[in-house]
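Okay, so here's the structure we're looking at.
Derivation of every value follows stated rules applied to the coordinates shown; laboratory data play no part. Bear in mind the structure is a predicted one, so any value in this text is a computation, not a measurement. No Cβ is skipped: glycine too gets one built from the backbone with ideal geometry, and neighbour counts run over all protein chains shown.
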Amino acid sequence: MMHLPTLATMLLLAQSKSPLQGLAIPFLSGLVLLTIFAVLIVAIKQYKRCPSNRVLVIYGSRIKGNRTARCMHGGGVFVWPLIQDYQYLSLEPITIDIELSSALSKKNIRVNVPSTFTIGISTQPDIMNNAAERLLGLAERDIATQSRDIILGQMRLVIATLSIEEINQDREKFLDLVNKNVNFELNKIGLEMINVNIRDITDESGYIEALGQKAAAEAINQAEIDKSNALREGAIGTATANREKNVRVAEQTAQGAIGEKEAERDRRIKVAQLEAAGVAGEASAAREREIAVAEQTALAVQGKKEAESNQRVKVASLEASAVSGENESKASIADYEATLEERRAIAKRRGEVAMANAQRDVLLAEREREQARLEKEQIVLQEIEKKKIEIDAEAEADRIRRIAQGEADATLARYKAEAEGIQQVLMSKAHGYENLLRICGDRKDIAPSLLIIEQLPQLVSEQVKAIQNLKIDKITVWDSGANGSEANGMGGSTSNFLKGLIGSLPPIHELAQQAGIELPEYMGKVSQAKEEKSAKNKPTMTKPNPESDKSA
């Protein structure tokens, strides 16, 4: 592009060269002005300004660095025609609803975490370039689809690393992990997470609801405890205030009485002190006069004695100084000789120590060499054998432990099955006893008798087993059908069943007494007279004769 001064200069030169060219000057001027106007229009049209809610992406040639595009947020830039082009990326937020369901948590509990994510294109330079490479030209729906897949995968990954308690209670940690993981993956395609809203957290097993009920119950219990504590503190405070009030009143009353007594005491003490002070003043004056006379006499005697003492001390001090000088000279000579001997001993000791250290170093070196040889030849093999023994011992211990665990599990299962069977039997018995009591109605005392009668065959059987090996000398036989039935023409016991049944009560009572069983009242009682009569009427069977049995 030519500058305006250059064009003007050319026009002047052309005008000065030939007057015939004057007609071309207006044409050339118009052409120059048209060119300048066209250049200005192109420059204005190709200068692109980036608004605050968009990212300007310039692509083509003349891009600095190794980047495929140049991204700008704000400002303006000239876009070269033909060799460059541009597009805008919107920075408006995109809202994505994530209906995450059946996500597997750390404890293998599936949870539902519906949430709402707000994302948008980042304005950081590196992330803007990622957006220009991967999102340029895509519609908002396509961007939301890609982001939804990324967010779902990262949400499942985060939930898999957390337990239900951490997800439900520590929301800050959960959201922090979501921000880190989701942002890291979204940045790869040029997006960033603006906000996340966890709408609710539920699980299919009802575990979270149970935790909430537990927390509510604990909160209610704590509130009740706090209320009780507050009431207790209030009652204690009221009682304490009343006690302090009574104590203060009593203290003030006592202080008043004490003040009166103290005032009376102080008055009496003051009077006594004044009287004693007068008497003491007179005695003190007489005593001080006698003390002054004695002190002057003592001072005179003391001065004389001090003069004699000073004389003796001076003489003794001079004699002691002379003796001390002689002793110090002798001590110096002795110290010098002792120091000399000590230095000789130290020098000898150093020589012996140096020799001992040298020998010790030689022995240590030999020991280390021998130890290294032993470690190389024997200790390594011993370590290998030791490891082998340890491994075998651990394998054997593990086998024994597994066998013991299996036997313990089998024993536990058997005991559990036996316990369940016993429990079912006892429950059936309890149900039968309950039905029996319900059938008896108001006569609850019949139920034990019925149970005892039901067990009579077994009791008789047990009694027979007890006496089956005994030798019996005498057997008493009683027949209910022989009570004159044939004489009266009434047939046997079968035709007179009721009479036979009533007549059979004595032996039943006797059998029950032998078995230690008390029969119910509706089965009758045998009086003493009847018992004696029946005892007299009972036939007696003597010991059977073996010979008669044979003849029979």
Handout entry: Built amide H within the under 5 Å cut-off of Ser163, gap 5+
Key = Lys106
Fill in the blank from the handout: Net charge near Arg401 (other residues with Cβ under 12 Å of its Cβ; Lys, Arg +1; Asp, Glu -1) is -2
Handout entry: Cβ-defined net charge surrounding Met72, 10 Å radius [Lys, Arg +1; Asp, Glu -1]
Key = +4
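When every alpha-carbon pair in the range 408-460 is counted, what percent end up more than 13 Å apart?
On the way: 962 of 1378 pairs.
The proportion of pairs with Cα distances above 13 Å equals 70 percent.
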Handout entry: Largest-first principal axis extents of the Cα set of the range 180-305 (Å)
Key = 119, 54, 26
Practice task
Can you grab the distance from the C-alpha centre of the range 192-210 to the C-alpha centre of the range 416-467, Å, no decimals?
Solution key: 59
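Test of the criteria: in the range 112-210, which GluC sites (Glu not before Pro) are in a DSSP loop and have at most 14 other Cβ atoms within 10 angstrom of their Cβ? Write down the numbers at each step before the final one.
Numbers: sites: Glu133, Glu140, Glu165, Glu166, Glu172, Glu185, Glu192, Glu204, Glu209; in loops: Glu204.
Those that pass, being in a loop and sparsely packed, are Glu204.
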Fill in the blank from the handout: Taking only the alpha carbons of the range 41-155, the radius of gyration and the largest Cα-Cα distance, Dmax, both in angstrom, are 18.8, 69
Handout entry: Estimated vicinal HN-Hα couplings, Hz - the range 431-441 in sequence order (Karplus 6.51, -1.76, 1.60; Gly, Pro = x)
Key = 5, x, 4, 5, 5, 4, 5, 5, 5, 5, x
Exercise for the section: Taking just the C-alpha trace of the range 87-205, give me its Rg and Dmax in Å. Expected result: 15.0, 51
Problem - Cα convex hull of the range 123-171 - mean projected area over all directions, nm² - result: 4.9
Practice task
For the range 287-313 and the range 118-140, write down the distance between their C-alpha centroids in whole Å.
Solution key: 117
Problem - Under-5 Å amide H pairs with Gly120, H placed in peptide plane, nonlocal only - result: Ile94, Glu192, Ile194
Completion exercise
Ranked on Cβ counts within 10 Å of their own Cβ, fewest leading, Leu28, Leu177 go Leu28, Leu177
Exercise for the section: Read phi for every residue in the range 286-303 and hand back ³J(HN,Hα) as whole Hz from Karplus 6.51 cos²θ - 1.76 cosθ + 1.60, θ = phi - 60°, with x for Gly and Pro. Expected result: 5, 5, 5, 5, 5, 5, 5, 5, 5, 5, 5, 5, 5, 5, 5, 5, 5, x
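Once you list every other residue whose beta carbon is under 15 Å from the beta carbon of Arg54, what net charge do they have if Lys and Arg are +1 and Asp and Glu are -1?
Working: positive: Lys48, Arg49, Arg70; negative: Glu92, Glu140.
Net charge in that neighbourhood comes out at +1.
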Exercise for the section: For the range 136-152, take each phi angle, set θ = phi - 60°, evaluate the Karplus expression 6.51 cos²θ - 1.76 cosθ + 1.60, and give the result in whole Hz per residue in order, putting x for glycine and proline. Expected result: 5, x, 7, 6, 4, 5, 5, 4, 5, 5, 4, 5, 4, 4, 5, 5, 4
Handout entry: Partner aspartates and glutamates for Lys270 [C-alpha distance under 15 Å; skip if fewer than 8 residues away on the same chain]
Key = Glu262
Exercise for the section: Would you grab the residues whose amide H sits under 5 Å from the one on Leu100? Only those 5+ places off in sequence or on another chain, please, with H modelled 1.01 Å from N. Expected result: Val113, Ser115
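Computed FRET efficiency, Cβ-Cβ of Asp142 and Ile194, R0 22 Å: what is it to the nearest 0.05? Working shown, then result.
Numbers: r = 19 Å, r/R0 = 0.86.
It comes out at approximately 0.70.
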